[in-house]
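This report concerns only the one structure given below.
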Amino acid sequence: MNVPFKNKLMAAAGLLTVGALALSGCDGGGAGSTNTEQTESGDAAASGDAGEAECGVGMTVGVAMPTQTSERWIADGEAVKAGLEEAGYQVDLQFANDDIPTQTQQIDQMITNGVDVLVIASIDGTALSSQLDAAGAAGIPVISYDRLIRDNENVDFYVSFDNYLVGVAQGTALLHGLGLVEEDGTKAADAPKGPLNIEIFAGSPDDNNAGFFFNGAMDTLKPYLDDGTLVIKSGQTKFDQAATLRWSQEAAQKRMEDLLSSTYPDPSELAGVLSPFDGISRGIITALQGVGLGPTIADGLPIVTGQDAEIASIKLIADGVQQSTIFKDTRLLADRAVQVVQDLACGREPEANNTTDYDNGVKVVPSYLLDVVTVYQDNIESTVIESGYWTEDEVKSGVAN
């Protein structure tokens, strides 16, 4: 049976105390002598910093990622693992290939094996209740990574990007591509009066983030839908109608093909498509090109947004095919997750910058949200290349090295 995490910390603190006493007995100073080095404030501070840095070292962190079918999740898993190992932790990293039973079994095994902390990017945020209950009973803190885990009290912290603002950025990018606003969202001086036909896609209904993306985007588009500048000609305006299970590229392509055949006898009447994820975007683009649109925006391909700055889509943006993507630097998210693990291991309360918005149905989960950047063709260099996220050669080839 796992020793509750707080008890482990107390035991670790006791070992540190014993170690300190042992060291004080063999510090090289004999009876009647003075050890001036230990009275220097700088050395004392350094000793305290070293103790702080070492708390939790050697503990095991279970990291559960949803899939290896997406470049983004591979990068997340590897970044979290590398950061934790550099900080001195043992790491059990597992990918579940978008299969819920696989992820639940992986997490069950991590708990059985006695991990000290869990970092979970869930496939279905509502499907882990028994695992969270087991973690809570064993005193294992749970960090919800990027996707909020729902309907359970045993979620200690949430690290993600500002998901509502991701949706705002996607909606703004679509409006910008249609010539209605500038990049900063201010109204364009020569904005077309419309009506302009658009269609909307949403993410997976079992991913809590998908609702935030959708709401942020739709709130941004709403004034233009209300005044008739934009028209969703299919009438499919609700999240459930636009949702794409498991963020599937193939499902998105099929839905776009169905929309084109049912609603657009003249495909050129479609001006733009709101897409919440690059994989979905590529499915949409394949369908659009399949009916003779494009092949690029300059050739009449509708504006298509995206998210995650996947290398295949960055190349499409560079080539003038996909209009935009939202860059979420997963290295920063991984760093934040590592910091939260360290805070918990050292008995500190992790820093949160949002304690109101992320209610998982049982509790408001303290959260740390990171900012995002919109990538267009003209700022690829200053965003994903200069940051080192992708290299120039990778952008040219569309393949990660």
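Numbers at a glance
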| quantity | calculated |
| --- | --- |
| Inter-residue pairs, beta-carbon under 7 Å, first over 14 Å from Val61 (Cα atoms) and in the range 99-127, second part of a loop (DSSP other than H, G, I, E, B) and open to solvent by 60 Å² or more (accessible area, probe 1.4 Å), 6+ apart | Gly125/Arg150; Thr126/Arg150; Thr126/Asp151 |
| Positions within the range 386-400 being farther than 30 Å from Ile143 by Cα and open to solvent by 20 Å² or more (accessible area, probe 1.4 Å), in sequence order | Glu386, Thr391, Glu392, Asp393, Lys396, Ser397, Val399 |
| Number of positions in the range 298-332 that are in contact with a Lys or Arg (Cβ under 8 Å, 6 or more places away or on another chain), among the small types (Gly, Ala, Ser) and without any contact (Cβ under 8 Å) to a residue 60 or more places away in the chain | 1 |
| Unmet requirement for Phe201, which otherwise passes all of (1) free of Cβ contacts under 8 Å to residues at least 60 places away in the same chain; (2) crowded, with 21+ Cβ neighbours inside 10 Å | (1) |
| The range 60-84 residues that are under 16 Å from Ala96 (Cα atoms) and in contact (Cβ under 8 Å) with a residue 24 or more places away in the chain, paired with ones that are crowded, with 20+ Cβ neighbours inside 10 Å and basic (Lys, Arg) (beta carbon under 7 Å, 6 or more apart) | Val63/Lys81 |
| Options Asp359, Asp343: the member that is free of Cβ contacts under 8 Å to residues at least 12 places away in the same chain, over 17 Å from the mean Cα position of the chain (by Cα), open to solvent by 30 Å² or more (accessible area, probe 1.4 Å) and closer than 30 Å to Met59 by Cα | Asp359 |
| Breaking point among (1) part of a helix (DSSP H, G or I); (2) free of Cβ contacts under 8 Å to residues at least 60 places away in the same chain; (3) open to solvent by less than 10 Å² (accessible area, probe 1.4 Å), for Gly211 | (3) |
| Qualifying residue in the range 369-383 (condition: open to solvent by less than 10 Å² (accessible area, probe 1.4 Å), assigned to a loop (DSSP other than H, G, I, E, B) and aromatic (Phe, Trp, Tyr)) | no |
| Tally, over the range 293-351, of residues that are assigned to a loop (DSSP other than H, G, I, E, B), more than 17 Å from Gly77 (Cα to Cα) and among the acidic types (Asp, Glu) | 3 |
| Filter result for Val321 (touching a helix residue (DSSP H, G or I) at 6+ places or on another chain (Cβ under 9 Å) and crowded, with 22+ Cβ neighbours inside 10 Å) | yes |
| Residue selected from the range 241-278 under the condition aliphatic (A, V, I, L, M) and free of Cβ contacts under 8 Å to residues at least 40 places away in the same chain, by the criterion most open to solvent (accessible area, probe 1.4 Å) | Ala251 |
| Subset tally (residues that are farther than 24 Å from Gln323 by Cβ and either among the aliphatic types (A, V, I, L, M) or at pLDDT below 95 (or both)) for the range 152-174 | 2 |
| Residues (in contact with a Lys or Arg (Cβ under 6 Å, 6 or more places away or on another chain) and farther than 18 Å from His176 by Cβ) located in the range 351-394 | Asn360, Gly361, Tyr368 |
| Pairs, first open to solvent by 10 Å² or more (accessible area, probe 1.4 Å) in the range 279-290, second among the polar types (S, T, N, Q), C-beta under 7 Å, six or more apart | Arg282/Gln249; Arg282/Ser313; Thr286/Gln253 |
| Boolean, Asp206 is of a type in the set (D, E, K, R), within 23 Å of the chain's Cα centre (by Cα), open to solvent by 20 Å² or more (accessible area, probe 1.4 Å) and closer than 17 Å to Val181 by Cα | no |
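The values are calculated or read from the model by the stated rules, or taken from the named source; none is laboratory data. As the structure is a prediction and not an experimental result, all values here were calculated from the model. Methodologically, a virtual Cβ is constructed for each residue, glycine included, from the backbone with ideal geometry; neighbour enumeration extends over all protein chains shown. For accessibility, only protein heavy atoms count, side chains too; no ligands or nucleic acids. Shrake-Rupley method; radii C 1.70, N 1.55, O 1.52, S 1.80 Å.
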